[in-house]
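Input: a single structure, listed below in structure tokens.
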Amino acid sequence: MILHQVTAVDGTLLAVAEGGVPGGRPILFLHGFGQSHRAFRAQFDGPLAAEFRLLALDLRGHGRSGRPEAPAAYGDGPHWGGDVMAVRRALGLADVILVGWSYGGAVLADHMAAYGTEGIAGAVFVGACPRLGKAAAPYLGPAAKAHFPLILSDDLAAQEAGARALAEALGERNEADAAVADTLSVPLAARRAMMRRQMDGAALAAFDRPALVVHGRADPVILPTMADWLAETLPQALVHLYDGVGHAPFMEAPRRFAADVAAFARGA
């Protein structure tokens, strides 16, 4: 794996991990709230890496990317979609497959709403939440309702407890310390600004490319009813529901996930 540094329009430095086959079709992964490119380690070490060019962006404020001080840099605005475009342009990602996990699904929707679908071969929504704020409320599971308020609190001990519980809910029990560190490294003001955003996801109705929706039937963070909404909204949606799997199918069922994404990417 190598790490690129891309400069966003506002000057924020964005870290992008790359692995796999340099000449393969590019797949760009967008992680969830409080995570980093590290979440996709099974994909970089798995069968997808033998066929595709794999990239994973650390969202602004996360991982090894820059952390702007102003809360506005994480709220509603052009930066989220613009960051993805900055990466696509800098790294020459043509006919790219975008994979948005959890909050990464909202970033994917931001990108599509701002730039359309030119140059995008398809999109994969994994436990995705492309609706934020009031529109997301009906889809939040018990883990989200229990742990996010703690992560956003003023109390550092509560933040750590919430981050650890969330890591375990994501299936990261064996690497909980690293996942907690990822979450707590995101500035509190950034976490709060991200969670104050409002998005209804309606722009996805114009997504005129193939879309794959992967969701765990046992997801405790974003309820599987979100997959139903995506199936109704996306014009070309194919839905795969994983029995006995929670919020991170690519961690909990990596072989199945790799096979599904590979088949989708070949045909997109």
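The values are calculated or read from the model by the stated rules, or taken from the named source; none is laboratory data. What you are looking at is a predicted structure, and each value in this text was computed from that prediction instead of being measured. Using ideal geometry, Cβ is built from the backbone for each residue, glycine included, and neighbour counts are taken over all protein chains shown. Areas reflect the complete protein model, heavy atoms only, side chains present, ligands, DNA and RNA absent. Shrake-Rupley method; radii C 1.70, N 1.55, O 1.52, S 1.80 Å.
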Calculated FRET value between Leu188 and Ala135, using beta carbons and R₀ = 30 Å, to 0.05: 0.80
For Leu212, distant residues with modelled amide H under 5 Å away: Ala123, Val124, Phe125, Leu238
Accessible area expressed per residue, region 1-72, with surrounding protein chains retained (probe 1.4 Å, Å²): 39
Value of D in µm² per second that Stokes-Einstein yields for the chain, Kirkwood Rh from Cα pairs, at 25 °C (0.890 mPa s): 136
For region 199-232 and region 33-92, distance of Cα centres in Å: 20
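For region 71-199, with only Lys/Arg (+1) and Asp/Glu (-1) charged at the beta-carbon, what is the dipole magnitude about the Cα centre, in debye rounded to 20?
400
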Whole-percent carbon and sulfur share, accessible surface of the chain, 1.4 Å: 54
Over region 105-192 - Rg/Rh using Cα atoms and the Kirkwood inverse-distance radius: 1.03
For region 35-174, the spread of Cα positions along each principal axis, largest first, Å: 44, 35, 30
